[in-house]
Amino acid sequence: MTVAVANMPTVRKVRRESTEVSSCLKYMIFGFNVLFWLMGLSILTVGVWAWSEKDIFNNLGKVANVALDPAFILICVGTVTFVIGFTGCVGALRENTCLLATYAIFLSVLLLFEVTAATLVFVFKDWIKSQATIGFQTFIIHYREDPDQQNLIDWIQEDWLQCCGIEGPKDWDRNNYFNCSSKVVGSREACGVPFSCCKRKPNEIIKNKQCGYDVRKPGFPGEENQIFQRGCLRAGEEWIEINLVPVAAVKVGIIILQILGICFAQNLRADIFAQKAKWH
């Protein structure tokens, strides 16, 4: 009994030293990043599945403009999110200073990239506009060749911006199926536009997929009332002007979270190093 009582201060001292690392900070980093880890894994899985469905892995050399492929973008975003979430999650849980340092470096690089990109957008607005135009032209040209690009441009035209083409419906002449001269080769969509260019009618539950047929033919009645006349480039500029404050607020919030993540990771590393110094 005397020995046990005599050793109690030593036991308490060991317990106090072993709990030097902040549990609150540790599990805050872990819990926050496990969500990013799972989200990144989900995005990456969807991207890989989309590529495998299109058999791009076996025909990678034949794909033009891989960087514009929505599935490729999902793979890139999913990979980055997965790696950052993994290093932060496992680094905090295992108190691994190497992984925590990697996590802080990844966040710092990402933060620097975002700030640089935001600056370049304001400095090179005309160049960004021309690149967006080129990208949209590519989507129009390959509209029927890639289902992912097709779904993306349909979503942009119908649901997001309510627009048609780059500058207007005539831009769909760039596509072989919708070009007016394609009627000679038997294209039923010649001199038309995709259904996503059509304005939704009141009380319309199921949209008519053929609503864009022949709407660009000379003398077609009611073209202006049936399809969007505004180009997506101008519609996108107007959307940014209207939603500039909310978008900027979200971006600032993301930047603050990244800065906090870097600071928390560095504080946790400092606690771990301080604890290890006591052991030695």
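Given the residues Lys278, Lys209, which is the only one that is in a helix (DSSP H, G or I), open to solvent by 80 Å² or more (accessible area, probe 1.4 Å) and touching a helix residue (DSSP H, G or I) at 6+ places or on another chain (Cβ under 7 Å)?
Answer to the selection: Lys278.
Quick check on Arg200: is it closer than 21 Å to Thr138 by Cβ and open to solvent by 40 Å² or more (accessible area, probe 1.4 Å)?
no
Inspect all residues belonging to segment 96-112 and state whether any of them is among the aromatic types (Phe, Trp, Tyr) and more than 26 Å from Ile255 (Cα to Cα).
No, segment 96-112 contains no residue that is among the aromatic types (Phe, Trp, Tyr) and more than 26 Å from Ile255 (Cα to Cα).
Quick one: count up the residues across segment 183-197 that are assigned to a loop (DSSP other than H, G, I, E, B) and either at pLDDT 90 or above or open to solvent by 50 Å² or more (accessible area, probe 1.4 Å) (or both).
Selection size over segment 183-197: 8.
Determine, yes or no, whether Glu238 is within 29 Å of Ser130 (Cα to Cα), at pLDDT below 90 and either open to solvent by less than 60 Å² (accessible area, probe 1.4 Å) or of a type in the set (Phe, Trp, Tyr) (or both).
Taking the combined requirement at face value, the residue does not satisfy it.
Would you confirm, using the coordinates I've provided, whether Thr87 is among the β-branched types (Val, Ile, Thr) and either in contact with a Pro (Cβ under 9 Å, 6 or more places away or on another chain) or closer than 30 Å to Phe264 by Cα (or both)?
It is true that Thr87 is among the β-branched types (Val, Ile, Thr) and either in contact with a Pro (Cβ under 9 Å, 6 or more places away or on another chain) or closer than 30 Å to Phe264 by Cα (or both).
Restricting to segment 110-164, and then to whatever is charged (D, E, K, R) and in a loop (DSSP other than H, G, I, E, B), can you tell me which residue is least open to solvent (accessible area, probe 1.4 Å)?
Per the stated criteria, the residue is Asp146.
The values are calculated or read from the model by the stated rules, or taken from the named source; none is laboratory data. Owing to the predicted nature of the structure, the values given are computational and were not obtained by experimental measurement. All Cβ positions, even for glycine, are placed from backbone atoms using ideal geometry, and neighbour counts span all protein chains on display. Just the protein is used for accessible areas: all its heavy atoms, side chains included, with ligands, DNA and RNA removed. Shrake-Rupley method; radii C 1.70, N 1.55, O 1.52, S 1.80 Å.
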